[in-house]
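The values are calculated or read from the model by the stated rules, or taken from the named source; none is laboratory data. Just so you know, these numbers come straight off a predicted model, no measurement behind them. Please note: Cβ atoms are built from the backbone with ideal geometry, for glycine as well, and neighbour counts cover all protein chains shown.
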Amino acid sequence: MHIGIDLGTTNSLIAVFRGGQPELIPNPLGQVLTPSVVAIRDGQLVVGEAAREIARSAPAQAAALFKRSMGTDREYRLGGTAYRAPELSAMILSALKADAEAHLGQPVTDAVISVPAYFNELQRKAVRAAGRIAGLNVTRLINEPTAAALAYGLHEREGESRILVFDLGGGTFDISVLELFEGVMEVRASAGDAFLGGEDFTEALARHIAQTAALDPHDAELRPALLKLAEQAKCALSTAPEARITAEVGGQTLDQTLTRDRFEEVTAPLLARLAVPLDRALSDANLSPGEIDRLVLVGGATRMQPVRAYAGRRLRQLPVSGVDPDQAVALGAAVQAALVARDAGLDDVVMTDVSAFTLGIDTAHRRGDRWHAGYFAPIIERNTVIPVSREETFSTVEPGQTELRFGIYQGEAPVVADNLHLGELTVQVPRNMAEHEKVKVRFTYDVSGLLEVDVTVLSTGKKASLVISQLAGEMTEAEITKALKKMKALKHHPREDAANLHLRARLDAAFAMARGPSRPWVTGLILRLEEALDAQDPDALDTLRKDLHAALDRFEADHVR
């Protein structure tokens, strides 16, 4: 079975293409959004909503937002063990895989996983590694805006139109410009910011709340409560002109009123960062805002009114509706999975994509009477339709030179030191004292993200191909094998107990937030749950869970309204 996965910074989703349409697969709680949070509790791995609640009451026991560390060596400690971002992401993917198998009643082996369009090669390799650790064969990585447009594109098989996909998720921002015509979906340009998302808006608002109350926004004990209040206020402002924040934090009572205008002022630096990727994508597509036929907003963060207003103002139109912004990427990934599997329901759909970054080599330039190395020579420009093969000719610097060393880079900076180093290739050339030896360098880049580099010495016909050396932050085969063993050794919390675990974690988080008479009240709720668990009456337990969740909803609503 081939499935599509939206591996998000804040939430993840999984979908399958059946009966000619993509459909979302629920988790054990009956929800399609699974928080991208993992925790170790009592020696057991906890994933999703329960892990998010644990993160609020005991942040040292949980890890979140690790998607931003993909492709780096950063480690997170859980249960006395260090994990890197691909390993933590594999825990999310493994849980999604289990949900799909329980829902579909058959094994799931193949997956298309979405990635931010602006993820570089190293980050994409980390996502592939996460899939392998989770026991998935990752058949394709699909850019998130492209996946979202594909979900919409199923309904647009007639006529022509230019679409701009404005994708602001929890941790990343992407822009893609696409053209649809007669079942063909062509990506014209992509741009983005891999470190800008809804979580940054929450962080900015949490700092504002703390500073207004003369609290330290960096206090580790206060941060969970401040971030929760900020998230609640941010969501409230999506549907109301103002939000009132009342809570006990840091030994004092907070009573603040936040308006949309003030929220926009607090997050102005973040809103300003939306402009550069948007301008670059339009420029690369050679289009003006007025030439965009439709604006598609994707990602939960686009529910924020300042973001919606900014996008509408810049594109001079209201966004189209019809697909939930949280769900579009997963639905599109399922469509791509069906395309890879050659589903008969998609015989008339064709999709092309582009390279998000420029690919090239380092070269030397003469300044005065000396050669200076370290300059970037593009071979495949960003936003070139893939698959693609491009070739350029280069020569030795000095007559008599017997070796050419090519550094392979990805990026947009003129100096290679500011770009991502992908690998190195060295080729031997004849000693020629009379003239410079010439070589042709060919880059071939496909839709799966595979880059092949071939160098041909023109005078001899000798060829050499790129063998990419180990990149800093990339997991080796030995590390992936070790991670697989770590995953198998972890005790996974039973899926059938997920509802009880989630409720208990939520009660613990409420107890940590509460003060004064509220704490005995929460303790009473915990005792009621434990008594019901001891009685083992499924019907009574189901009724109690609904009652306790409703009580907690009212408790949390008292903090932001």
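Summary table
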quantity	calculated
Conditions (1) within 22 Å of the chain's Cα centre (by Cα); (2) touching a residue at least 60 places away in the same chain (Cβ under 8 Å); number of the one not met by D293	(1)
From A364, A334, residue being over 30 Å from L270 (Cβ atoms) and buried (at least 20 other Cβ atoms within 10 Å of the Cβ)	A334
Residue in segment 150-163 that is in contact with a helix residue (DSSP H, G or I) (Cβ under 7 Å, 6 or more places away or on another chain) and assigned to a strand (DSSP E or B) present	yes
Subset of segment 448-470 that is more than 14 Å from T426 (Cα to Cα) and surrounded by fewer than 16 Cβ atoms within 10 Å (Cβ to Cβ) - its residue that is modelled with the lowest pLDDT	Q470
Per-region count, segment 199-235, residues acidic (D, E) and farther than 14 Å from G250 by Cα	4
Residues within segment 424-442 that are closer than 30 Å to N137 by Cβ and touching a Gly at 6+ places or on another chain (Cβ under 8 Å), tallied	1
Residue among A247, A151 that alone is more than 18 Å from T10 (Cα to Cα), under 22 Å from the mean Cα position of the chain (by Cα) and among the small types (G, A, S)	A151
Scope segment 503-561; condition surrounded by 19 or more Cβ atoms within 10 Å (Cβ to Cβ), modelled with pLDDT of 85 or more and either among the β-branched types (V, I, T) or assigned by TED's automatic domain parsing to the domain that holds A247 (or both); matching residues	V522
Unmet criterion (only one of (1) assigned by TED's automatic domain parsing to the domain that holds L339; (2) surrounded by fewer than 19 Cβ atoms within 10 Å (Cβ to Cβ)) for G192	(2)
Qualifying residue in segment 207-215 (condition: closer than 19 Å to P269 by Cα and β-branched (V, I, T))	yes
Residue within segment 306-327 that is in a strand (DSSP E or B), under 28 Å from P26 (Cβ atoms) and either in contact with a Phe, Trp or Tyr (Cβ under 8 Å, 6 or more places away or on another chain) or in the same structural domain as P517 (by TED's automatic domain parsing) (or both) present	no
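The rows are residues; the columns are (1) within 27 Å of N143 (Cα to Cα); (2) in the same structural domain as V447 (by TED's automatic domain parsing); (3) of a type in the set (D, E, K, R); (4) more than 26 Å from the chain's Cα centre (by Cα).
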site	(1), (2), (3), (4)
A364	no, yes, no, yes
G368	no, yes, no, yes
E381	yes, yes, yes, no
T384	yes, yes, no, no
T396	no, yes, no, yes
T402	no, yes, no, yes
G407	yes, yes, no, yes
G411	yes, yes, no, no
